[in-house]
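Down below is the structure, laid out as structure tokens.
What follows draws every value from the coordinates through simple rules; no lab data is involved. In this text the structure is predicted, and so the values were computed from the model without any measurement. For neighbour counting, all protein chains shown are included, and Cβ atoms are generated from backbone atoms with ideal geometry for every residue, glycine included.
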Amino acid sequence: MKNYFIAKSRRIRSTPYTSRIENQGVTAYSVYNHMLLPAAFGSLEDSYNHLKEHVQVWDVAGERQVEVFGKDSAKLVQLMTCRDLSKSKVGRCYYCPIIDDKAGLINDPVILKLDEERWWISIADSDVILFAKGLAIGNKFDVKIFEPNVDILAVQGPKSFKLMEKIFGKKITEMKFFGFDYFEFSGAKHLIARSGWSKQGGYEIYVENTKSGLALYDKLFELGKEFNVKPGCPNLIERIESALLSYGNDIDNNDNPLECGLDKYVNLDTEVNFLGKEKLNEIRKQGIKRKLMGVKIETKTINVAKSIKIFDEKNNEIGELRSGVYSPHFGHVIGIAMMLKPYWNKSQSFKIELNGKSFDGKVCDLPFI
Ligand code: THG
């Protein structure tokens, strides 16, 4: 495979950590919310093994915040998501599908309730701020909507708890999953949540004070030596095994949350009103016609740069592969696929063509692990 370079510019934004990760050996970038997102530090498999055993620090500044502030902020945030936030609490994070009037997914952010009238929408890769502004203008809501200067550092892996305890004390280990609180470091307060885009445990530090955040970055590596800390990034193998969905890859605006297995975050039977509720009710009544599933493929290499069609033995198209990777845990390729009804059942076998060669596969449940 030939390698290319990303031509940096103001439009493809750097992060405060970019010079550090480049000194530390980043080998691939993706672009996320118009910002550089590291995609590899050498071997994916080495990083995967390291993440499952030690601790990594990730530059995930590309997970941008959309701040919604003001009298009508709760109204706007609720209008945007099919998850019922009427009982939401300050100091908690909520994974929330955002949908449009046709129930098509706009994004799948984590929403933080900072205050009764102040929210951060921690977005995946789509321009949620434009959607939010359009809705606020159309509804004449009394809100301010902007992108604050927040650059998230994720600390992930089983040893993240010990490392963070060394810096912030015992209190940080007592935080519950998807809770957040404020912690002091070199003269600045940082919002820290127990969350992150891996299933190996850890924290996300929402850095607003860049100077203190950079000092904290260096401290994490200094004190992390005894825990074998390394720079890392969201890991394709780990996130597929764990079925953490990637907007733009596994799901997009042509999918609704019920097709994507996000039923847990869809509240159709409460009083709250949100955009797309009527349409979602209709979809629920009629039943979905396709479903996001896991797949196993009898090969050891894959590179999914666009969706790849899936066929049954009679050559009927029965689905499409959207992400895939070699899993060292299973010893073959695993992936995430949108399967058509009635072919989405576990153990359904299929054929898929990769680089001109046909391979056998089977449908399975998500998550893999
Ligand atoms: N952290 C923050 N912002 C983000 C992400 C993140 N923005 C972009 C992207 N990731 C949004 N997508 C997800 C997808 C899954 C999860 C978080 C963000 C996630 N899911 C858990 C799960 O599926 O098990 C828990 C969800 C729950 O039950 O509440 O963590 O990672 N700041």
| remark: Those strands (runs of 3 or more DSSP E) completely within the stretch 58-139 that have 2 or more residues that are buried (at least 20 other Cβ atoms within 10 Å of the Cβ), within 13 Å of the ligand (Cβ to nearest atom) and not aromatic (Phe, Trp, Tyr) are 65-69, 105-107, 110-115, 118-122
| request: Could you list, in sequence order, all residues of the stretch 33-51 that are within 16 Å of the ligand (Cβ to nearest atom) and either assigned to a helix (DSSP H, G or I) or without any contact (Cβ under 8 Å) to a residue 12 or more places away in the chain (or both)? | output: Leu51
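Would you check if there is a residue in the stretch 230-239 being surrounded by fewer than 20 Cβ atoms within 10 Å (Cβ to Cβ) and either within 16 Å of the ligand (Cβ to nearest atom) or not in a loop (DSSP other than H, G, I, E, B) (or both)?
No, there is no match, as no residue in the stretch 230-239 is surrounded by fewer than 20 Cβ atoms within 10 Å (Cβ to Cβ) and either within 16 Å of the ligand (Cβ to nearest atom) or not in a loop (DSSP other than H, G, I, E, B) (or both).
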| message | Against the condition closer than 30 Å to Glu317 by Cα and of a type in the set (D, E, K, R), how does Arg239 come out, does it pass? | response | yes
| remark: Per the filter on the stretch 333-351, residues closer than 10 Å to Gly319 by Cα and either part of a strand (DSSP E or B) or not hydroxyl-bearing (Ser, Thr, Tyr) (or both) are Ala337, Met338, Met339, Leu340, Lys341, Trp344, Phe350
| request: Look through Asn303, Asn253, Asn281 and report the one residue that is within 28 Å of Gly134 (Cβ to Cβ) and in a loop (DSSP other than H, G, I, E, B). | output: Asn253
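Residues are listed down the side, and each one gets a yes or a no for (1) basic (Lys, Arg); (2) under 21 Å from Tyr29 (Cα atoms); (3) touching a residue at least 12 places away in the same chain (Cβ under 8 Å); (4) in contact with a strand residue (DSSP E or B) (Cβ under 7 Å, 6 or more places away or on another chain):
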{"position": "Tyr217", "(1), (2), (3), (4)": "no, yes, yes, yes"}
{"position": "Gly224", "(1), (2), (3), (4)": "no, no, yes, no"}
{"position": "Glu238", "(1), (2), (3), (4)": "no, yes, yes, no"}
{"position": "Ser242", "(1), (2), (3), (4)": "no, no, yes, no"}
{"position": "Leu245", "(1), (2), (3), (4)": "no, yes, yes, yes"}
{"position": "Asn249", "(1), (2), (3), (4)": "no, yes, yes, yes"}
{"position": "Asp255", "(1), (2), (3), (4)": "no, no, yes, yes"}
{"position": "Leu262", "(1), (2), (3), (4)": "no, no, yes, no"}
